[in-house]
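Taking it in order: structure first as structure tokens, then the write-up.
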Amino acid sequence: MDSINRKRGHIKSALDQEHSASCFDSIRLKHRSLPNISLHQIVLDTPFFEKPTNAPFFVSSMTGGPSESERINRHLAEACNELQIAMGVGSQRVSIQDGEAHGLNWSVRHAIGDLPLFANFGAVNLPHLKVVQELGRILDPIEADALILHLNPMQEVFQPNGDTDWREIIGHISKVCEWSPVPVVVKEVGFGLDVHSSKELISAGVKILDVAGTGGTRFADIEIELNKDISEILSTNDVFDNWGYTTTECLINIRRELPASTCWASGGIRNGLDIAKSMCLGASAAGIAGRLLQPATESTDAVLRVMRQFISELRITCFGLGVAAVRELNTKHILDDTRLD
Ligand SMILES: Cc1cc2nc3c(=O)[nH]c(=O)nc-3n(C[C@H](O)[C@H](O)[C@H](O)COP(=O)(O)O)c2cc1C
């Protein structure tokens, strides 16, 4: 299967996935009977790299085959523009490989206006660049405000001919950080960033860690489903079902071990309440992919509807907590916060 058809398969499989219990369900927040604030005065404004936005969440990177990717990203970018929300585009590897942007070019920048927009590239593909400056070819066309590098070893391992040589990838990330004209963010793709890797990434010059933990889109399942030769490497398809860290585990561990780092939460964020809970656990913003995929395949209006629900759920959460601004959320708002120590 070529990479375009594999990416088409990602969208189809991700849409078919069902999600069970969430790590966010065990986190309870402190209710206030006398909030002393007005629901509609609650401040949700959140800057990303000094650019203002209207809410502390962003669209997490999603890619697909050429036409799907173009449509999906256009619907997402138009909705972001309307509500003033930040967005990351899906992997731009093909732009560098064969010069085809597949809609991840000036058209996304045009659709989103001046809002924060993040480029995306796989860290394991960095050694294939002739020079690090080649990354300019994905930053410039979208006037990227940040470069997101994704770590996906447990996705590659289940792909036929996946990239499984991860030696010295950290050295390449460090070179990107030295060169990059925009801040570098590193994210997982749904297995959760661990503390050890996070420390290495911060030392390499990475500005923001996006945890992308388990609990949402399961990329191992997607690749296993698409790999017709999977039985050559696995006895049953579910051997690695419980691999990785949940989004809440990642946030708790990184806050404890790297309290000064800036962290984004993603992986299984379903609604505005999950966004608020992740901020109580130390995230400065939350990223959403899977939950926006179905509406993004439909229309801009469908995306707008879900985003408006996120915004109102966030507002209601702050109201119930008696918090006047979303940036004030912290561990003190978690009920029985001793379990976080
Ligand atoms: C269809 C699809 C395509 C994705 N493509 C990319 C990608 O190109 N680059 C990337 O960094 N992450 C990619 N992701 C991962 C998401 O950005 C996110 O980290 C992951 O899905 C967990 O978030 P979720 O549970 O909200 O889906 C993709 C996710 C989906 C559903």
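The values are calculated or read from the model by the stated rules, or taken from the named source; none is laboratory data. Predicted model, so just to flag it, every value in this text is computed and none were measured. Cβ atoms come from the backbone with ideal geometry, glycine included; neighbour counts cover every protein chain shown.
Selection over segment 34-71 of residues that are crowded, with 19+ Cβ neighbours inside 10 Å and within 24 Å of VAL184 (Cα to Cα) gives a count of 14.
Here ASP274 fulfils each of the conditions (1) buried (at least 20 other Cβ atoms within 10 Å of the Cβ); (2) more than 16 Å from the ligand (Cβ to nearest atom) apart from (2). For segment 8-22, state whether one or more residues are under 21 Å from the mean Cα position of the chain (by Cα), at pLDDT 95 or above and farther than 30 Å from GLU249 by Cβ. Taking every residue of segment 8-22 in turn, none turns out to be under 21 Å from the mean Cα position of the chain (by Cα), at pLDDT 95 or above and farther than 30 Å from GLU249 by Cβ. In segment 112-144, the qualifying residues are those that are away from the ligand (no atom under 13 Å from the Cβ) and crowded, with 21+ Cβ neighbours inside 10 Å, and the one that is nearest to THR217 (Cα to Cα) is LEU117. Applying the set (1) assigned to a helix (DSSP H, G or I); (2) touching a residue at least 40 places away in the same chain (Cβ under 8 Å); (3) more than 16 Å from the ligand (Cβ to nearest atom); (4) of a type outside the set (S, T, N, Q) to GLY282 leaves exactly one unmet item: (1). The number of residues in segment 172-213 being within 20 Å of GLY136 (Cβ to Cβ), in a helix (DSSP H, G or I) and not aliphatic (A, V, I, L, M) comes to 6. Every condition in (1) over 24 Å from ILE170 (Cβ atoms); (2) over 20 Å from the mean Cα position of the chain (by Cα); (3) assigned to a loop (DSSP other than H, G, I, E, B) holds for ALA260 except the one numbered (1).
Taking (1) in a helix (DSSP H, G or I); (2) touching a helix residue (DSSP H, G or I) at 6+ places or on another chain (Cβ under 6 Å) in turn, ARG305 satisfies each apart from (2).
If you go through segment 50-70 one residue at a time, how many are within 16 Å of the chain's Cα centre (by Cα), modelled with pLDDT of 95 or more and part of a loop (DSSP other than H, G, I, E, B)?
Final tally of qualifying residues: 4.
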